[in-house]
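Since every read-out is calculated from the coordinates, none of them should be taken as a lab result. Quick caveat: nothing in here was measured; it's all calculated off a predicted structure. Backbone-built Cβ (ideal geometry, glycine too); neighbour counts: all protein chains shown.
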Amino acid sequence: YESLSVAELAQKLHREPSEIIKKLFMLGVMATINQELDQDAIELICADYGVEVEEEIRIDVTDLEIYFEESEETVEGQTERPPVVTIMGHVDHGKTTLLDSIRNTKVTQGEAGGITQHIGAYQIEEHGKKITFLDTPGHAAFTTMRARGAKVTDLTILVVAADDGVMPQTIEAINHAKAAEVPIIVAVNKMDKPTANPDRVMQELTEHGLVAEDWGGDTIFAPISALKGEGIDHLLEMVLLVAEVGELKANPAIRARGTVIEAQLDRGRGSVATLLVQDGTLHVGDPIVVGNTYGRVRAMINDIGRRVKEAGPSTPVEITGLSDVPQAGDRFVVFEDEKTARQIGESRAGEALQEQRVEKTRVTLDNLFDQM
Ligand code: GTP
Ligand code: MG
């Protein structure tokens, strides 16, 4: 239970704050617009308007972000979690080749049958430590996630082709990572090419604030050939090193929360969403709100296509069981019981629909003016 200010209550009742202040005055309560009202005062006013006080009036339960704030309960019992890494860089500099190279050399080892399907994120193990890679184009991950204020990446690998050097999208990637305060490791790629010139890459990146350790800076540069699979181990070791400095932690004992990596409608399975669990552990059967939709986790498939019953921090997992298709970058939160999840899910869906309608009306009016 949280209190409401006069202004917030007025908004919820669709009245002017001055009207609320007047009413409070009549009830013998002197109040200003920003004054916090206690439950009694809220109930008095609501009764006066013939409105029943529901939970929803007191807490804006529809904001999923509040569940991402660390509370004492979530901090106690935290343990180390794997880093979540994205790969960014200019067109054709080798992002996809690097992702494939890491996956092929690391994921398929010891996995009979290998990868049966592709879920937009995967996890590997290096020296007994896990690393999660988001298989979305880094730029998209940063822009959609950032537009929603969601932070999912702990670290970014900036791929720069040694034969091409710093290009516009290299700079764009640096800006994205800096804005999100995500550390950058530079992978100087295509080192197998005779025209490779890593010194030039280092020189050019210096101008953008990425100074190599050899040159007195603190940016890690890892020479690689994504095509030939060379330098990958060293690169992954550097990822683990940077992750260690970041002291990434999560509490596997709490209810899961995280972000949607991708989602689509599947003919046979319905709404299918790839989620990144950022804190807590997700279980089959959990009541869940995902963006503007909700449901119960029906089935979970991991990054190598296996059915799993639970997924801990930093684990990507594909789920079914949602009533609708969420969007990449949407937050998800598991709730104690299905009733709460449904209530919040439905209220969020309703709000989203209303926003859409407002949007549509606006567009129609604009069109009207265009025609005039
Ligand atoms: P976009 O997705 O279009 O932005 O490109 P990308 O960054 O994913 O590059 P991609 O991995 O598709 O590689 C582009 C081309 O460079 C392909 O022909 C790769 O085979 C080649 N390539 C990637 N890495 C290397 C490398 O280490 N050495 C050499 N010689 N070629 C490479
Ligand atoms: Mg690519």
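Below are the figures for this structure:
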{"quantity": "Whether the range 252-347 is rounded, prolate or oblate, judged on the alpha carbon gyration tensor where a/c under 1.5 counts as rounded", "calculated": "rounded"}
{"quantity": "Karplus (6.51, -1.76, 1.60) ³J(HN,Hα), θ = phi - 60°, over the range 288-299, in Hz, Gly and Pro reported as x", "calculated": "9, 10, 10, x, 9, 10, 8, x, 10, 5, 7, 9"}
{"quantity": "Within the range 203-260, GluC sites (Glu not before Pro) in DSSP loop having at most 15 other beta-carbon neighbours inside 10 Å", "calculated": "Glu207, Glu247"}
{"quantity": "Value of relative contact order over the range 213-341, rounded to a whole percent, pairs C-alpha under 8 Å and six or more apart", "calculated": "26"}
{"quantity": "Taking the range 186-275 and dividing mean pair separation by its residue count, relative contact order in percent (alpha carbons under 8 Å, at least six apart)", "calculated": "20"}
{"quantity": "Sequence-separation-based contact order of the range 155-235, relative, with Cα cut under 8 Å and 6+ spacing, percent", "calculated": "31"}
{"quantity": "Overall form of the range 185-252 per C-alpha gyration tensor (a/c, 1.5; a/b vs b/c)", "calculated": "oblate"}
{"quantity": "The range 175-292 - share of DSSP beta bridges that are antiparallel (%, nearest 5)", "calculated": "60"}
{"quantity": "Separation of alpha-carbon centers, the range 1-44 and the range 323-342, rounded to whole Å", "calculated": "32"}
{"quantity": "Segment Asn197-Val245, extension gain: residue separation times 0.36 nm, minus the distance between their alpha carbons", "calculated": "14.3 nm"}
{"quantity": "Ranking of Tyr49, Tyr294, Tyr122 by count of other Cβ atoms within 10 Å, fewest first", "calculated": "Tyr49, Tyr122, Tyr294"}
